[in-house]
Each structure stands twice: as structure tokens, then as C-alpha cells.
Ligand SMILES: NC(=O)C1=CN([C@@H]2O[C@H](COP(=O)(O)OP(=O)(O)OC[C@H]3O[C@@H](n4cnc5c(N)ncnc54)[C@H](O)[C@@H]3O)[C@@H](O)[C@H]2O)C=CC1
Ligand SMILES: O=C(O)C(=O)Cc1ccc(O)cc1
């Protein structure tokens with residue numbers, strides 16, 4: 001892909017796309033309503049500041065509530081260019097573009113990289129944000145095959161794995177895999193506002209895992225949730241019904257510990273969660289991988305994590321994932337290493353031999 005790509009909206013997504021494509025030798029020009037945002041993206045290596053030469057492909061990475069308008073403007077401004085957007089919702093943007101630029105909608109095809117972060121803005125951009133991640137392309141009745149092909153090539157150049165879905169099908173899918181998790185994470189995290197300091201101090205990995213995306217931008221997410229209200233509503237209804245069942249079971253046990261049936265409801269809630277979680281694909285969309293874990297106690301001092309990683313490397317073991325927990329106020333931390341199951345025993349032996357205190 002040697003074309004000229006114009007990125008409009010140089011925040012987290014736009015800058016990450018710009019950096020990824022620029023590194024592949026693609027010419028990228030940048031535009032944003034904020035001159036600071038565009039200058040920052042340029043300084044981070046995302047491309048050159050808007051130079052008014054005609055692009056082959058425009059990527060609109062602006063917030064969802066203006067994406068349709070910006071796509072329509074770009075279609076009007078560049079009569080020979082194809083245009084995509086990366087907004088997290090697809091049907092409302094398609095409807096908006098169709099209404100605003102009916103004569104040009106054939107050059108538009110929506111898309112959505114299933115990759116992002118809980119932080120916004122160019123400073124949070126990452127060149128490898130899309131590496132191995134799914135990038136959904138949403139062709140429609142009137143979209144040109146060339147538009148689809150160009151977006152596909154751009155997604156591949158950014159390191160992503162393109163996949164095709166209709167806009168409404170996409171919106172129904174992300175209601176469950178992205179939008180409900182955001183609502184649940186935010187609501188769970190919101191409970192923490194009201195507990196005493198020494199209760200929050202007990203927070204372990206579980207609450208951290210469940211609430212990471214609760215740090216997301218309220219303005220962006222208000223737009224996403226409102227734009228996908230129709231698809232999200234039935235999914236939220238299911239969650240409310242499930243929570244209601246758990247609530248009634250707890251009420252029964254609290255009222256009479258010998259009550260029958262309530263424990264079955266609680267167990268089923270957890271068991272259904274196991275089944276759902278087991279369906280989440282592992283890295284690169286491959287089937288789920290169950291890793292074995294080993295916890296190493298690391299002194300809370302500079303360089304100790306680097307030494308641990310070096311010893312794991314010397315043992316010939318690849319770390320698939322890692323979590324670090326700091327003992328609050330203590331002199332040590334815990335590094336939980338995720339490795340393929342076959343590597344766990346050799347790793348344990350090698351780390352013990354190297355003097356590390358390890359446990360399961
Ligand atoms: N944040 C995430 O993890 C993901 C976000 N997306 C989608 O990507 C899009 C951008 O999101 P982020 O990069 O996170 O937001 P961001 O807030 O980091 O960046 C948005 C940028 O768009 C600019 N902008 C706003 N209105 C504009 C307009 N009318 N014309 C030109 N530029 C304009 C802003 O100045 C800002 O620099 C959104 O539509 C979002 O739904 C998609 C996948 C993941
Ligand atoms: O931070 C994460 O894990 C995310 O899942 C971010 C994200 C946010 C919005 C999207 O439309 C897609 C991905």
C-alpha cells in the first residue's frame with residue numbers, strides 16, 4: 001500500500017493509525033480541529049500536518065457524534081477519495097452519512113478496529129495498538145468494492161486482521177463484547193466511592209481486572225452508549241434479570257441460611273460466567289489458551305523485575321502475560337507469570353535454582 005492516507009481526528013486512534021502506517025512507509029497527512037492535537041501527532045511521528053494534497057483514503061477518527069458529519073464533509077471535499085471512519089458504533093454513522101451525502105455514500109465504508117485503550121488523546125497513542133487485533137469492515141448496499149479493498153489494505157498495513165460484518169450486526173455484537181463490559185466495569189468501580197479507605201486498601205487483582213476500563217473517557221462513552229442504545233438495551237435487560245436472580249438468592253440465604261435452591265442460583269451465576277469467559281478468543285483471535293501461572297516474590301527495589309525476566313529468558317521460557325501486585329507498604333511485590341503449561345515445572349526449577357522465592 002503506497003497511497004496517501006489522510007487522518008482526520010488525531011487523538012488516540014488517529015495518531016496510533018498514523019504512526020503505524022508511517023512506519024510502513026505510507027504517506028500520512030494529519031488534520032484535527034485542535035491545532036495542538038495535530039502538532040502533537042506530528043511530533044509523535046504520525047505523519048505530516050495537513051498539506052491540502054488529495055488523499056486516496058481518508059480515515060476519520062473523530063468522536064462518534066461528529067463522525068457522520070466529518071465523513072460527509074470529507075466525501076464532498078475529496079471527490080476521488082474513499083473514506084472510512086473508526087467510530088465504535090456503525091449504524092448511526094452510516095445513516096448519518098447516507099442522509100448528509102447521498103450522492104457520495106458509495107465511496108464510504110465504515111470500519112472499527114477492536115483495539116483501544118482506556119486513555120484518550122495522541123499522548124496515549126501506540127504504534128502496535130492494532131497488532132493482531134480484529135478490524136471490522138462494514139460494507140453496505142451502495143459501497144464500492146474498491147473502498148472495501150483500500151480499507152482492508154490499510155488495516156493489514158496497521159498490523160490488524162480485517163473481518164467483514166454488516167453495520168447492524170456489528171452494533172449488536174459490540175453491545176455484548178464492548179459496551180456492556182464498559183457499563184459493568186464503571187458501575188462496579190462506582191461502588192468503590194462509598195467504602196472506607198481501609199476497605200479500598202484491600203483491593204487485589206480481581207477488582208483491578210474488572211475495573212480497568214472504568215478509567216475510560218465519560219464523554220466518549222456517553223456518545224457510544226447513546227448511539228448504540230437500541231442494541232444495548234436488550235443486553236442490559238438480561239444483565240438486570242441476572243442481577244435480580246442473584247439478589248433474590250442472597251435475600252433468601254440472608255433471611256434463612258437453611259433455605260433450599262438459593263445456592264444453586266449463585267453457583268449457576270458463577271458457572272455461566274466460566275462458560276462465557278471460556279469463549280473469549282486468546283491472542284490474535286486464536287482459540288482460548290489456558291496458561292499456567294507461577295508467582296515470584298520480587299524485592300521492591302530497582303532492577304529486580306528486570307533480573308526476574310532475564311532469569312525466565314535464560315530458562316528458555318516465553319512469558320505470555322504478567323501481572324504485578326505491590327504489597328501495600330511492604331518491601332516486596334508479587335509478579336504473576338503466565339506461561340504455557342508445559343513450561344511451568346522447568347521454569348519453577350530454574351527460578352528456585354536462581355534464588356527466587358516462587359509459589360503457585
Ligand atoms: N478509545 C478507544 O479505545 C477506541 C475508540 N474508537 C473510536 O475512535 C474514535 C476516536 O476515539 P479516540 O481516538 O479514543 O478519541 P480522542 O478523544 O483521543 O481523539 C478524538 C480527536 O478528534 C478530534 N476531533 C473532534 N471533533 C473533530 C472534528 N469535527 N474534526 C476533526 N477532528 C475532530 C479531537 O480534537 C480529538 O483530537 C471514536 O469515534 C471512537 O469511538 C475505536 C476503537 C477504540
Ligand atoms: O481498553 C480496552 O480494552 C478496550 O476495549 C478499548 C476499546 C474502546 C472502544 C472500542 O470501540 C474498542 C476498544
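What follows is calculated from the coordinates using simple rules that are stated; it is not laboratory data. On a predicted model such as this, the values are computed, not experimentally measured, just so you know. Positions of Cβ are backbone-derived with ideal geometry, glycine not excepted, and every protein chain shown enters the neighbour counts.
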(request) Using only the Cα atoms of segment 14-100, build the gyration tensor, take square roots of its eigenvalues as a ≥ b ≥ c, and label the shape rounded, prolate or oblate: rounded if a/c is under 1.5, else prolate if a/b is larger than b/c, else oblate. (result) prolate
(request) At 0.36 nm per residue, minus the direct Cα-Cα distance, what do residue 272 and residue 80 gain on full extension? Give it in nm, one decimal, please. (result) 64.0 nm
(message) On C-alpha positions alone, give me the angle between the axis of helix 218-227 and the longest principal axis of the chain, in degrees, nearest 10.
(response) 70
(request) Would you work out if the chain is rounded, prolate or oblate? Take a ≥ b ≥ c from the square roots of the eigenvalues of the alpha-carbon gyration tensor; rounded if a/c is under 1.5, else prolate when a/b is larger than b/c, oblate otherwise. (result) oblate
(request) Starting from the Cα of residue 207, step 7 Å along the direction of its Cβ; do the same at residue 51; then give the gap between the two resulting points in nm. (result) 5.2
(request) For segment 292-359, calculate the relative contact order in percent as a whole number, restricting contacts to Cα pairs under 8 Å that are 6 or more residues apart. (result) 46
(message) At a 10 Å Cβ-Cβ cut-off, how would you order 24, 90, fewest neighbours first?
(response) 24, 90
(message) Going by average Cβ density within 10 Å per residue, which order do the peptides 239-245, 276-282 take, highest to lowest?
(response) 239-245, 276-282
(request) Would you mind computing, in nm to one decimal, how far apart the modelled labels at residue 354 and residue 198 are, each placed 7 Å from Cα along Cα→Cβ? (result) 3.9
(request) Would you calculate, for the chain, the mean residue ellipticity at 222 nm contributed by helices, counting each DSSP H stretch of 4 or more residues as -39,500 (n - 2.57) and dividing by all residues, to the nearest 500? (result) -14000 deg cm²/dmol
(request) Return the whole-Å distance between the Cα centroid of segment 31-70 and the Cα centroid of segment 203-242. (result) 28
(request) Please give the peptides 247-254, 292-299, 191-198 ranked by average Cβ packing (other Cβ atoms within 10 Å per residue), highest first, as a rough proxy for protection. (result) 292-299, 247-254, 191-198
(request) Order the peptides 340-353, 137-150, 258-271 from the highest to the lowest mean number of other Cβ atoms within 10 Å of their residues. (result) 137-150, 340-353, 258-271
(request) Determine the gain in length on full extension of the stretch residue 238-residue 301; use 0.36 nm per residue of separation and subtract their C-alpha separation, reporting nm with one decimal. (result) 18.0 nm
(message) Can you tell me the length gained on complete extension of the stretch residue 215 to residue 168, counting 0.36 nm per residue apart and subtracting the Cα distance?
(response) 14.2 nm
(message) Relative contact order for the chain: what percent, with Cα pairs under 8 Å and sequence separation of 6 or more?
(response) 12
